[in-house]
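First the structure, in the form of structure tokens, and then the observations on it.
Throughout, read-outs are computed from the coordinates displayed, never taken from laboratory work. Values in this document were obtained by computation on a predicted structure and should not be read as measured data. Please note: Cβ atoms are built from the backbone with ideal geometry, for glycine as well, and neighbour counts cover all protein chains shown.
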Amino acid sequence: MIVTTSLDPLAKIAEMGDVTTHEPAGDQPLSERKQGNRYQSRSLAECITNVSAGSAKKPILATMLTTACERNCNYCVFRAGRAQTKRFTMTPDEMAKGFDQLQRGGQVEGLFLSSGIIKGSVTTQDKLIDTAEIIRKKYNFRGFVHLKVMPGAQYEQLYRAMQLADRVSVNMEGATPERLASLAPKKDWTNELLKMLQWAEQLRRDHPDQRLAKTVTQFVVGAVGDTDLELLSLSERLFRQLRLTRVYYSPFGPVEHTPFENLNRTDPQREHRLYQASFLLRDYNWNLEDLPFATSGNMPLDVDPKRAWAELNLRTAPIDLMHADREALMRVPGIGATGADAILKARRHTKLTDIASLRKVGIRAPEQAAPYILLNGKRVETQLNLF
Ligand code: SF4
């Protein structure tokens, strides 16, 4: 294995794997995902990605401390022994310096830092933490930092990472220990991964006065027979019990010269439906039972989960928009949290009598809601759009 250490920091960063090809870093995972079969970047521009963090959209540097790894996850371009992967390694000082150059030059406003594992998780985690320490203390950077937590990192390391970063990710990869064993034979689902997320929540409870990083995770979807039910059932527990702010669903794509190179690529529509369902669980107070699982444990790809629920429940019992509460309004396709609030506000002083009045209060596609609502106590008449 050739490990290169002699390039200048920016040249090395340019050669690093473009991490967002493999995992999203911000709040809009679908728009952040880059397409194509390139596994490693060749230019700095490919390492800079626009992510949304809160309400802002920022260019961030998404990179790794090393593209070498001693583990052998079956789907991963960086797995040990894959001769085609170029291996680059940077010291914390080099990475921090390179990031500072980019940040001062106005090219990036944040950092997503991951790493392959070399000399164990604890040593690797120390290097990630050291990088963040230098960026925060020496270069005084106060902006967005997202740090990866290595499987099996120590409690004190997690605590320090959560003090330094805005967001930390512990990737579960598989929804059950069995799925993980097929994906990543050297990772321990319970002790190396789930335990990190449990500790993170414990740290937040033990230090309510401190501003600690939010936690997120990622699953590799579709390589080893995982079902939507498995993925969403664990997601629901992670949102409710361990207060994760985001679960990323990365559709599997085969990488040449890995044990999974001949497996089928996962349909991107499945990723889309999983995100729709997870937002319903996280933001709309839905339960797993509300989601349209078939006996296979998967959701249909041709209908979004909210519409599937509405077809079953609202076609025959439409919701009266003048009287429904906020939660009921948000059950209607085409009406989200903002739309529900706009309706509640508007109906205090006006009657919502037709589709035009809904558009006027800010419902962008009221036609989507039409089959499931009553306006003026009556079903809504809509014209068919023939062209
Ligand atoms: S530990 Fe991470 S970098 Fe290493 S092979 Fe597994 S997924 Fe890839």
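Computed over the chain, the Cα gyration tensor eigenvalues convert (square root of 5λ each) into semi-axes of 42, 23, 20 Å, ordered from largest to smallest.
Relative contact order of the chain, taken over Cα pairs closer than 8 Å and 6 or more residues apart, is 10 percent. The phi-based Karplus calculation (6.51 cos²θ - 1.76 cosθ + 1.60; θ = phi - 60°) puts the 3J(HN,Hα) values of region 93-105 at 4, 4, 5, 5, 5, x, 5, 4, 4, 5, 5, 5, x Hz, whole numbers, x for Gly and Pro. Simple rule: put +1 on each Lys or Arg Cβ and -1 on each Asp or Glu Cβ in the chain, find the dipole, and look at Gly110, Ala342, Val216; the Cα lying farthest toward the positive end is Ala342.
Rounded to whole Å, the principal axis extents of the Cα atoms in region 277-364 read 48, 25, 20, largest first. As a rough footprinting exposure proxy, the listed residues Thr245, Thr350 were ranked by other beta carbons within 10 Å of their own, and the order from fewest upward is Thr350, Thr245.
With neighbours defined as other Cβ atoms within 10 Å of a residue's Cβ, the residues Glu256, Glu178 order from fewest to most as Glu256, Glu178. Ignoring aspartates and glutamates fewer than eight residues from Lys378 along the same chain, the ones with Cα atoms less than 16 angstrom from its Cα are Asp320, Asp354, Glu367.
Calculate, in nm to one decimal, what Lys351 and Ala181 gain on full extension: separation in residues at 0.36 nm each, minus their alpha carbon distance.
Fully extending the segment from Lys351 to Ala181 adds 55.5 nm.
As a proxy for reagent exposure, Asp130, Asp93, Asp209 were ordered by neighbouring Cβ count within 10 angstrom, fewest first; the result is Asp209, Asp93, Asp130.
Taking label points 7 Å from Cα along the Cα-to-Cβ direction, Lys378 and Asn313 give a separation of 2.8 nm. The antiparallel fraction among DSSP beta bridges confined to the chain stands at about 25%.
Distance distribution P(r), region 314-379, all Cα-Cα pairs, bin width 10 angstrom from 0: 24, 67, 9 percent.
What separates the Cα centres of region 170-192 and region 294-349 is a distance of 35 Å.
Out of every Cα-Cα pair in region 170-279, what percent are more than 21 Å apart?
Working: 2277 of 5995 pairs.
That tail contains 38 percent of the Cα-Cα pairs.
For the chain, adding -39500 (n - 2.57) for each run of n ≥ 4 DSSP H residues and dividing by the number of residues yields -10500 deg cm²/dmol at 222 nm.
Isolated cysteines of the chain, defined as having no other cysteine beta carbon under 4.7 Å away, are Cys47, Cys69.
Restriction of the trypsin sites (Lys or Arg not before Pro) in region 190-280 to DSSP coil positions whose beta-carbon has at most 13 other beta-carbons within 10 angstrom yields Arg211, Arg265.
In this structure the amide hydrogen of Lys57, modeled in the peptide plane, comes within under 5 Å of no amide hydrogen from residues 5 or more places off or on another chain.
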